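The values are calculated or read from the model by the stated rules, or taken from the named source; none is laboratory data. The structure presented is a predicted model; accordingly, all values stated were derived computationally and were not measured. Positions of Cβ are generated from backbone atoms using ideal geometry, with glycine treated the same way; all protein chains shown enter the neighbour counts. Note: accessible area is taken over every heavy atom of the protein model, side chains too, but ligands, DNA and RNA are not part of it. Shrake-Rupley method; radii C 1.70, N 1.55, O 1.52, S 1.80 Å.
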Amino acid sequence: MDTSSISGRQAPLAMDAERFRALGHALVDQIAAYLDAIPRGPVTKDRTPAAVREALGLNGTLPAHGMDAATLLRSTASQLFEYSLFNAHPRFWGYITSSPAPIGILGDLLASSLNPNVGAWTLSPAASEIEAQAVRWIAELVAYPTDCGGLFVSGGNMANFVCFLAARAARAGWDVRRDGLVVSGRQLLVYASAETHTWIQKATDLAGLGTSAIRWIPTDDRLRMDATQLEQRIDADRKAGHVPFAVIGTAGSVSTGAVDPLAEIARICKERSIWFHVDGAYGAMAAAVSDAPDDLRALNLADSVAVDPHKWLYAPLEAGCALVRDAAALRAAFSYHPSYYHFDEKGINYVDYGPQNSRGFRALKVWLALKQVGADDYRAMIADDMALSRAMAAAVEREPDLELVTQALSIATFRFVPADLRSRMGETSAAEYLNRLNEALLDTIQRSGEAFVSNALVRGRYVLRACIVNFHTTREDVNAIPRITVRLGRDLDTQMRPGATV
Ligand SMILES: *Cc1c(COP(=O)(O)O)cnc(C)c1O
């Protein structure tokens, strides 16, 4: 065997300090220029998948030989800055994706430089302690007990799933981790409002319960879970021999920002020893704000809460966080001790608290941002987003061709209604046309690059939806969206109904 290449080793991936410094400085300069230019360009450009592949040269096979790293980084960065959607744009309000905190961008660089495996304390002494503090600080920010268990995961779906599995292990009534779902004729049941995010389908499915384990509870006229129906349904299921083990309260629904009556749900759960989980992926951080609705603040009564720092803490993707009131219950849902691990218990071993094994240092970017900004200014940024959403709703209301449908937390929903259809919105044909028109309008707005909104279906109405989790957005930006919508809406309506009197 020829060992000459490994005796004085020069691995192709290795870089000396000088080279690393030069490449890093050049890249950071390029990133800074890009971030600075974003507001002056479109939110995104209308391109086909084939065009993107073509431009980035993504159709080739894996090259046998490598290339110069400086050229590679420079060209890749400029292509990414050209062929992407920029959620750091002040007019990006789609779904619930925030603008990335600049310190978080640098934090990810720092985290991967260190590359700690935050599965075990021994492998990540400082990182494990920073994660523990970040979890406590998030709990503190949303006024949840700071001695809770918790950990970082990839996002809201995983945070909810982790809490869901903790609930299942704690409240099934038998050893569900060992025996699975064995009890014949007795179904494990979870209760959630019709507005609940699809994580609940994935969770019941992945956990082997099946989606038929979800009892969908209707909502009231404000799209909040009807607690009376919840109570009746649980009691009827119990009487039938089933095992209601968890209720999901949503603290800020994904469509409209509706907050379920959390205090009332907490009471119903407590009386029956059912696990109360709050999905606060979007709205939990708003509980920190002084004018938060009381219902939202009642999330501190929950057995577990999912929060999503990559939403309203503006962390770059990915960062979700699961909080479980009883840390032992979280551990009891995930811990195993294989013979090949030698991790003592002097510090926290996150492998025992969640489904992941090797874990990255997601917490760093969040912790850095919390420390850079502090609790008061974080609350102020969140409050500003909410105030801007209310201002957007007001601007929508001032525009006769727009109908404001909902406004809550930092989400406004609205739609374009041509003048001649305003008095006919109740008619089936007009209602169907308005849905088609607004769906097409959504597409037109997104392609225009002038702003980016997403959609929702509110009581059968297809609406445009702007969610502000964006510290770049200003009043001028929110005032612009009604004008953009009306201009593009009128053009589209003329194309879709050429003969209509508008
Ligand atoms: C965004 C969201 C989720 C899913 O979170 P991801 O970070 O996208 O995985 C779940 N529930 C609610 C209420 C959300 O807003």
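Screening the candidates SER78, SER98, SER112, SER128 for the property of being open to solvent by less than 40 Å² (accessible area, probe 1.4 Å), over 30 Å from GLY257 (Cα atoms) and of a type outside the set (Val, Ile, Thr) yields one hit, SER128.
Figure legend. Inter-residue proximity from region 111-140: first residues polar (S, T, N, Q), second residues modelled with pLDDT of 95 or more and not in a loop (DSSP other than H, G, I, E, B), beta-carbon distance below 8 Å, spacing 6+ or different chains. Indicated pairs: ASN117/LEU123; SER128/TRP121; SER128/TYR350; GLN133/TRP367.
If the condition is being assigned to a loop (DSSP other than H, G, I, E, B), open to solvent by 70 Å² or more (accessible area, probe 1.4 Å) and in contact (Cβ under 8 Å) with a residue 24 or more places away in the chain, then region 473-502 contributes THR501, VAL502. The single condition from (1) more than 26 Å from the chain's Cα centre (by Cα); (2) farther than 19 Å from PRO39 by Cβ that ARG483 fails is (2). Applying a threshold of 6 Å to beta carbon distances and a minimum spacing of six or more residues, or different chains, the list of pairs starting in region 154-167 at a residue that is among the hydroxyl-bearing types (Ser, Thr, Tyr) and ending at one that is open to solvent by 30 Å² or more (accessible area, probe 1.4 Å) reads SER154/GLU318. A single entry from ARG171, ARG177 fulfils the requirement of being touching a residue at least 12 places away in the same chain (Cβ under 8 Å), open to solvent by 40 Å² or more (accessible area, probe 1.4 Å) and touching a helix residue (DSSP H, G or I) at 6+ places or on another chain (Cβ under 8 Å): ARG177. For ILE31, the conditions (1) open to solvent by 60 Å² or more (accessible area, probe 1.4 Å); (2) of a type in the set (Val, Ile, Thr); (3) in a helix (DSSP H, G or I) are fulfilled apart from (1). When both residues are 6+ apart or on different chains and their Cβ atoms are under 6 Å apart, which pairs have a first residue that lies in region 182-200 and is closer than 17 Å to MET158 by Cα, and a second that is modelled with pLDDT under 85? If the second residue must be modelled with pLDDT under 85, no pairs are left.
Out of the residues in region 245-303 that are of a type in the set (Ser, Thr, Tyr) and either buried (at least 24 other Cβ atoms within 10 Å of the Cβ) or under 15 Å from SER193 (Cα atoms) (or both), which is farthest from the ligand (Cβ to nearest atom)? Taking the candidates together, the pick is THR256.
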